[in-house]
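The values are calculated or read from the model by the stated rules, or taken from the named source; none is laboratory data. What you see is a predicted model, and the numbers here were worked out from it, not measured in a lab. We place every Cβ from the backbone using ideal geometry, glycine too, and count neighbours over all the protein chains shown.
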Amino acid sequence: MSDTTASPPVAAKEETPFRRFVSEFAANKVAVGGLLVFVIIALLAIFAPWIAPQNPYDLAQLDIMDGRLPPGEVGGSGITHWLGTDDQGRDMLSGIIYGLRISLIVGIGSAVIACLVGASLGLLAAYAGGRTDSFIMRLVDLQLSFPTILAALMILAFLGKGVFNVVIALVIVEWAYYARTVRGSALVERRREYIEAAQCLVLPTSRILFRHLFPNCLPPLIVIGTIQIARAIALEATLSFLGLGVPITEPSLGLLIANGFEYMLSGNYWISFYPGIALLITIVSINLMGDHLRDVLNPRLKK
Amino acid sequence: MTVYLLRRILQSLMVLLAMSVIVFVGVYAIGDPVEILISPDADQMERERAIAALGLDLPLWQQYLVFLQNALRGDLGRSFVFNELALQLILNRMPATLELAFGAMFLSVLIGLPLGLYAGLKPESIGSRVIMAGSILGFSLPTFWVGLMLIMVFAVQLGWLPSSGRGDTVEILGLQWSFLTANGWSHLAMPAFNLALFKISLVIRLTRSGVREAMLMDYVKFARAKGLSPTRVTFVHVFKNILIPVVTVVGLELGSTIAFSVVTETIFAWPGMGKLIIDSINVLDRPVIVAYLMVIVLMFITINLIVDILYSVLDPRVRLESKA
Amino acid sequence: MAIKMRGRKLAAHTVTCAVMGAAMSLVAHGAQAQNLNMAVGAPVTSLDPHYHQLSPNNAAAGMIFDRLINTDGDARMQPGLAESWRAIEPNVWEFRLRRGVTFHNGNPFTAEDVAFTFRRVPNVPNSPSSFAAFVRPITNVEIVDSHTLRITTQNPSPLLPQDMTNIFILDRETHENATTEQFNSGQVAIGTGPFRVVSHTMGDRIEFARNDSYFGTRPAWATVNYRMITNGGARTAALLSGDVDFIDQVPTPDLARVRADRRLAVSEKVGLRLIFLGLDHLREDASPFITDNNGQPLARNPLKDLRVRQALSIAIDRPAIASRVMEGSATPSAQFLPPGVFSHIPNYAPPAPDAARARALLAEAGFPEGFRITLHGPNNRYPNDGRIVQAVGQMWTRIGVRTTVEAQPWTTFVGRAGRQEFSAFLIGWGSNPEGSHPVRNILATANRDRGWGASNRGRYSNPEVDRRLEAALVEIDDARREAILQEAQRIALDDVGIIPIHIQTNIWAMRNTLQHEARADELTRAQDVRPR
């Protein structure tokens, strides 16, 4: 965290905001470690079909007679299951690698889309005020009071089950958090002198919104954003626990945990434990990056 | 101010109306309540009778008009499952959920604020790093998983706390409350903590970042320069400044805690509104779903209004808008 | 234990203990043994015994009320409020009622009460699933004397006694204008049964106290705390932590742990619920979830071909599902009813799994390369339903029928199944212990006017089956009726109208100081639990 007080390195070339950002980010070893772990996880997820010993989505490769094998056992098909198998005989290692994919798509996908939608609407509400503000904020009220599970059930009924539909459900559930947060900070910022100055210069609204107002609303947004990625992944797990998540034959980490948890009492810990570890590492690495990112991006910490 | 309030109330009514339409269409899209409620061996005649008895034989728009008519008289309908007034059912369940939600909020502020303050004031210390790592765990772990783990450890293994359910209740104002008995508290502890876990992390993070920002602000620097004691600086100047985001989030989270305590209530067999709504969704008990959402929306609107008013009180830079 | 009890119960407790006197004080755990804490998985939605026909409600009603004819753990008829019954003509049944029975409020039980009950059953307002069908055949109820009844039906009605095992008898004087709400509040939840209602918190718990003037076996418990814990893991945890003494619906993944725990005991009984696959018999042309291997719709519905249905059936390794997925708590079956139950077909076992023969049958039917199908199922209705669907998907894929599995909540599933939206789906059926029940509801051609095939969601139709059902429904001779029903089932099952998988075993778990008379009908009642 020494970066916050350190002066920017003297650059031989011209200093762009991006370069400064990169160098400030790189100064923190923990954050770089987080980034490294996250990159490895992302690579694992992207190249899952070439890395995983088994295709856990292909029912023909599974056999319930291999079900709940403890870690290290060799299954009927000759594969050594280093992390054991679940109740369907699915290799846990393969399941986790493929599950990472689904969880990342769901978590990051929904957080990014929800952030874009929510932040734009929040900014608009704060800047435009009046009717627009009221309309958007009542929409937020409506959204925030709508139980996640009911929304997910309805979307499930309309669209059917699937990874993409879970993303849509999460976006619908989460955009309001961003909108409300951004509006809150923007309301304060809007009164500041630099916005008034920009308005006096008759800059276009979109420029004022995105070049002046938005960067100053970023810090709380990033706090919420990193939390929401983690939350989206956990929420997807909860939806799976309630039987509303992704399809059972294409389990995410959350679904693997939820499914495996039922076997916890009987001592088949590995079905739930290893996906849990994977989920934890993923979320922690995202948050380590996010934490530091927030400090780097916060204009108010640069005095 | 009055104009502002009136406007907000009018807008809120629109929200309520929109919500009821969404629920009607949504429940209609999900499935047929009679298919779920009826005994499997009921014949076609019995099915038709049940459909008519629940008023589901009318076209959807007519069902909605009937609902609106009754709603204007304050009658939100009868539960398909319990044959009791939906609103009454919800109000009977409300104390249990309120207890849980307030318990969780209380815990999150009680634990989150001091830890966050510490982490913000001494960001480099080992203690802060442990706190921040812990807070990451707090919102990484799915609620249901933590809940079942708590039961495993504290009820099954150690036997310290009861595994589920609500404890002894005392009747106040015609409603049953359990927070006044020791037995009630022992039942409340685990579910409240389970529900609070996420919020504790949230409060820690918000407080920490707020403190860190505030410490760099000119007015804090001046206060220090003036020779004010660090305690006074922290608790008067810094504290006041970080309250805005914390108040916003705690306010917002109180609503969502009440609305989304579903998972915790299911795992701990806590007889609150969350349990009622998930049960009602599972059997498509539309009158209860509609009434529940009406109550929740009203609650949210109220909370948001209070948060907005608090904003203007806490931060004079924000003014309540009344212009069109 | 005593510390955790509510004040009211503690008081009741003290009184009982005092009454029991010195004899009880010899027993160290005397006080504990008088109270039973039980937890059930399915919530009771009403204490009105005629409001909602639902197993958990019937279980609770079975503690408060009685029926003319009760059933034992094996679902056999036993005298209840009627001591005896016989058909005096093909369409007239005479019931002789038990004398000296009183309701909880002291009112005597008479034939008037039965006649009143029959009148109330079809007229409960807003009932989402009434008991009306059980009294619909009745055209006249004649009160011969205060304790003799003659019931006349439209047609010869061999099933009338069976129907009477479903109707709980109320008191005319108490319940003349009683509403469902009054029952739910406990105010008029007054019957002749072994327990009185002390309090009821909807969806949470019911507190009972013993009815000391019960006419049957005296219940072992002075008080019962009947809690509803819907989450399976939480229910097991409540038992393991000692919060409750007795639970039902033990999740199969927890079975190994519960069985291994010496402090606990398990009771089990083969149930009456068959888990089976329904198939699309409705469409001759393309079925909605079947395509060729390139994803193009097929011109004809392969499921209309008997050989394809046979192939899909023998592809399934039922013993593997029973042992691996159900952990032994299921019996592979090729028919609705387990051995020992009326109209079970003797020596009619499920086919041995044979992937090679399944492939050969598919080739014969013109699908040597198989096809693609989506198998639908619920994921929160039956024990391990989502897992069974996946296991079947594995087995079908292995014979060349590439299967996609879609499991969804019962809420969305059941409506779609009822509208014939699926090609193949998993579902269950809990039978009455009489073959006409599943045949009429599942296998008979759907027909509104006759009330047949109401749950025939695949729309299987076979006139040979219908003809036999028609004969069985008016056959008063039990032996002849059983033979006809066995034949009807055999025809439909040989034709693979449905693909049976297994019959579930009902499982309860308790402290090892207790014993329980397990029931085939899945009902969980306090009178079936006693100290060991």
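Quick notes on this structure:
- Top-ranked residue in segment B:262-321 [being of a type in the set (D, E, K, R) and surrounded by fewer than 23 Cβ atoms within 10 Å (Cβ to Cβ); ranked as modelled with the highest pLDDT]: B:279
- Residue within segment C:145-163 that is surrounded by 19 or more Cβ atoms within 10 Å (Cβ to Cβ), of a type in the set (Gly, Ala, Ser), away from chain B (no Cβ under 14 Å) and in contact (Cβ under 8 Å) with a residue 24 or more places away in the chain present: yes
- Test set (1) in contact (Cβ under 8 Å) with a residue 60 or more places away in the chain; (2) within 14 Å of chain C (Cβ to nearest Cβ); (3) under 17 Å from residue B:293 (Cβ atoms) - residue B:15 fails condition number: (2)
- Residue within segment B:254-262 that is within 14 Å of chain C (Cβ to nearest Cβ) and assigned to a helix (DSSP H, G or I) present: yes
- Looking only at segment B:271-284, and only at residues there that are facing chain C (nearest Cβ under 9 Å) and not β-branched (Val, Ile, Thr), the one that is farthest from residue B:169 (Cα to Cα): B:284
- Scanning segment C:399-413 for residues that are in contact with a Ser or Thr (Cβ under 8 Å, 6 or more places away or on another chain) and of a type outside the set (A, V, I, L, M) yields C:403, C:404, C:406.
- Exactly one residue among C:271, C:193 is under 21 Å from the mean Cα position of the chain (by Cα), buried (at least 19 other Cβ atoms within 10 Å of the Cβ) and in a loop (DSSP other than H, G, I, E, B), and that residue is C:193.
- Unmet criterion (only one of (1) within 15 Å of residue C:68 (Cβ to Cβ); (2) surrounded by fewer than 16 Cβ atoms within 10 Å (Cβ to Cβ)) for residue C:141: (2)
- When segment C:203-245 is limited to residues that are within 14 Å of another protein chain (Cβ to nearest Cβ) and among the acidic types (Asp, Glu), the one that is farthest from the chain's Cα centre (by Cα) turns out to be C:243.
- With respect to the conditions (1) touching a Ser or Thr at 6+ places or on another chain (Cβ under 8 Å); (2) more than 14 Å from chain A (Cβ to nearest Cβ); (3) over 29 Å from residue A:278 (Cβ atoms), residue B:104 falls short on a single one, namely (3).
- Filtered by the rule that a residue be buried (at least 24 other Cβ atoms within 10 Å of the Cβ), among the hydrophobic types (A, V, I, L, M, F, W, C) and within 14 Å of chain B (Cβ to nearest Cβ), segment C:370-413 gives a lone residue, C:413.
- Cβ-Cβ under 7 Å pairs, at least 6 apart or on other chains, segment A:242-263 side more than 19 Å from residue C:325 (Cβ to Cβ), far side of a type in the set (Asp, Glu) and surrounded by 24 or more Cβ atoms within 10 Å (Cβ to Cβ): A:245/A:236; A:252/A:236; A:254/A:236
- Test: residue in segment C:297-311 that is in contact with a Ser or Thr (Cβ under 7 Å, 6 or more places away or on another chain) and surrounded by fewer than 16 Cβ atoms within 10 Å (Cβ to Cβ): yes
- Segment C:234-251 - residue that is among the polar types (S, T, N, Q) and surrounded by fewer than 24 Cβ atoms within 10 Å (Cβ to Cβ) and, of those, nearest to residue C:321 (Cα to Cα): C:249
- Helices (runs of 4 or more DSSP H) enclosed by segment A:106-207 - at least 1 residues per element that are in contact with a His (Cβ under 6 Å, 6 or more places away or on another chain), within 21 Å of residue B:18 (Cβ to Cβ) and free of Cβ contacts under 8 Å to residues at least 12 places away in the same chain: none
- Failed item, numbered, when residue C:462 is tested on (1) within 20 Å of the chain's Cα centre (by Cα); (2) polar (S, T, N, Q); (3) at pLDDT 95 or above: (1)
- Helices (runs of 4 or more DSSP H) wholly inside segment A:1-93 containing at least 3 residues that are modelled with pLDDT under 80 and surrounded by fewer than 17 Cβ atoms within 10 Å (Cβ to Cβ): A:17-26
- Members of segment B:18-43 that are touching a residue at least 60 places away in the same chain (Cβ under 8 Å), over 17 Å from residue C:414 (Cβ atoms) and in contact with a Leu (Cβ under 7 Å, 6 or more places away or on another chain): B:19, B:23, B:24
- Scanning segment C:320-352 for residues that are within 14 Å of another protein chain (Cβ to nearest Cβ) and either in a helix (DSSP H, G or I) or under 13 Å from residue C:482 (Cβ atoms) (or both) returns C:320, C:321, C:322, C:323, C:324, C:325.
- The listed residue being closer than 29 Å to residue C:521 by Cβ, within 14 Å of chain B (Cβ to nearest Cβ), in contact with a Gly (Cβ under 7 Å, 6 or more places away or on another chain) and not aromatic (Phe, Trp, Tyr), out of C:440, C:457: C:457
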